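Everything below concerns the one structure shown next.
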Protein chains: 2
Amino acid sequence: MERILVDMDAVLGDVYARFIDLEIKESGIKLELDSLVGKLEQDAFPHFDKHVHTKGFFRHVPLIDGSVEGLRYLNDKYEVLIVSSSTEFPNSLTDKMEWMEENFPFISWKQIVLCGRKDIIKGDAMIDDHLKNLTVFDGKRFLFTAPHNQLIVDKSCQRINHWEEIKIYL
Amino acid sequence: MERILVDMDAVLGDVYARFIDLEIKESGIKLELDSLVGKLEQDAFPHFDKHVHTKGFFRHVPLIDGSVEGLRYLNDKYEVLIVSSSTEFPNSLTDKMEWMEENFPFISWKQIVLCGRKDIIKGDAMIDDHLKNLTVFDGKRFLFTAPHNQLIVDKSCQRINHWEEIKIYL
């Protein structure tokens, strides 16, 4: 059975919505998604560093639209691994496990990988919002649309704009 | 450069010493290492489940003799990844990152993988105390001696009894 590596942040979890909410609390200013196009999260959100290092940040991330149904579809059809670059943020790790257990109870702890780089994981397809993870991956590449990658054109990747589109390609 | 996958528990961290200490606190009884030979940790320690799920358990594990010097030697010579089967224990994850940072500051977060199974990681050699991880690994296999594996004879693995022996083979 083919193995699909699925990213967590901005693919399953709507980290943009979480950052925007917290920036409102920090400064009272609501950042609009349109103004964030083409910027990496660390450049788009003034308090990025503070929030990603704070326990509780990842525990309360809302879901990306369609992610539960989409991941259940993949999990029924393929061998799914959730692969999250997260060891940079030690306080996020327990949060991420609890968040997965709450929102995706059909995914076992055996299917979750928390790491610092993704090119060390064996897989046949990868769904990720970061081109840097996809370009070093030797399987099928799916670029999940997020504001930071919206302007990128890369013919080595299939772009996915919404979880419903997953069924077209996988 | 060859990539070496190094296990954490019972290879870098002396989890046996930690379990024995905590069992004394639980029951007043000191379990002797000789009496634990051939038993997996979950069978050897009556309060195993309670302790591995408790935050703080992994944060205060003592070091395996020679592990700091041994890992530094490997890290200078090879590409080292620390691979720990630990997503089963969500409360261990932040502990493990803090413990690595304290005891092995020369290992970056980029080199640490917290996962549920190890056969998904690409590598050229693996050092592990669990035969089940080594037998599904397609590179060079090194069985690091621990009480539970002491009686095992497996010709597909090179046994390592102490970190000083690492330099003979790697």
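The values are calculated or read from the model by the stated rules, or taken from the named source; none is laboratory data. In this text the structure is predicted, and so the values were computed from the model without any measurement. Cβ placement follows ideal geometry from the backbone for every residue including glycine, while neighbour counts extend to all protein chains displayed.
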Before we move on, is residue B:137 surrounded by 18 or more Cβ atoms within 10 Å (Cβ to Cβ), within 14 Å of chain A (Cβ to nearest Cβ), aromatic (Phe, Trp, Tyr) and more than 18 Å from residue A:109 (Cα to Cα)?
-> yes
Could you tell me which of the residues B:81, B:143, B:93 is among the hydrophobic types (A, V, I, L, M, F, W, C), outside any loop (DSSP other than H, G, I, E, B), buried (at least 20 other Cβ atoms within 10 Å of the Cβ) and more than 14 Å from every other protein chain (Cβ to nearest Cβ)?
-> B:143
Flagged pairs (Cβ under 6 angstrom, 6 or more apart or on separate chains; first in region B:1-29, closer than 12 Å to residue B:47 by Cβ and of a type outside the set (D, E, K, R); second in a helix (DSSP H, G or I) and at pLDDT below 95) are B:22/B:51
Report, ordered by the first and then the second residue, all pairs with beta carbons closer than 8 Å, sequence separation of six or more or different chains, a first member in region B:37-53 that is under 10 Å from residue B:19 (Cβ atoms), and a second member that is not in a helix (DSSP H, G or I) and not aliphatic (A, V, I, L, M).
-> B:51/B:45; B:51/B:57; B:52/B:89
Kindly check whether there is at least one residue in region B:62-80 that is free of Cβ contacts under 8 Å to residues at least 12 places away in the same chain and over 26 Å from residue A:56 (Cα atoms).
-> yes
Can you find even one residue in region A:58-73 that is buried (at least 18 other Cβ atoms within 10 Å of the Cβ), farther than 25 Å from residue A:165 by Cα and over 14 Å from the mean Cα position of the chain (by Cα)?
-> no
Which residue out of B:25, B:50, B:39 is outside any helix (DSSP H, G or I) and either surrounded by fewer than 15 Cβ atoms within 10 Å (Cβ to Cβ) or at pLDDT below 95 (or both)?
-> B:39
Looking for whichever is part of a loop (DSSP other than H, G, I, E, B), acidic (Asp, Glu), free of Cβ contacts under 8 Å to residues at least 12 places away in the same chain and on the phi < 0 side of the Ramachandran plot here; the options are A:119, A:138. Which one fits?
-> A:138
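Let's see how each residue does on (1) within 13 Å of the chain's Cα centre (by Cα); (2) more than 27 Å from residue B:80 (Cα to Cα):
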site: A:120; (1), (2): no, no
site: A:131; (1), (2): yes, no
site: A:147; (1), (2): yes, yes
site: A:157; (1), (2): no, yes
Which members of region B:160-170 meet the condition of being surrounded by 15 or more Cβ atoms within 10 Å (Cβ to Cβ) and either under 15 Å from residue B:33 (Cβ atoms) or without any contact (Cβ under 8 Å) to a residue 40 or more places away in the chain (or both)?
-> B:160, B:165
Total residues in region A:96-125, condition crowded, with 21+ Cβ neighbours inside 10 Å, more than 8 Å from chain B (Cβ to nearest Cβ) and within 28 Å of residue B:4 (Cβ to Cβ) = 2
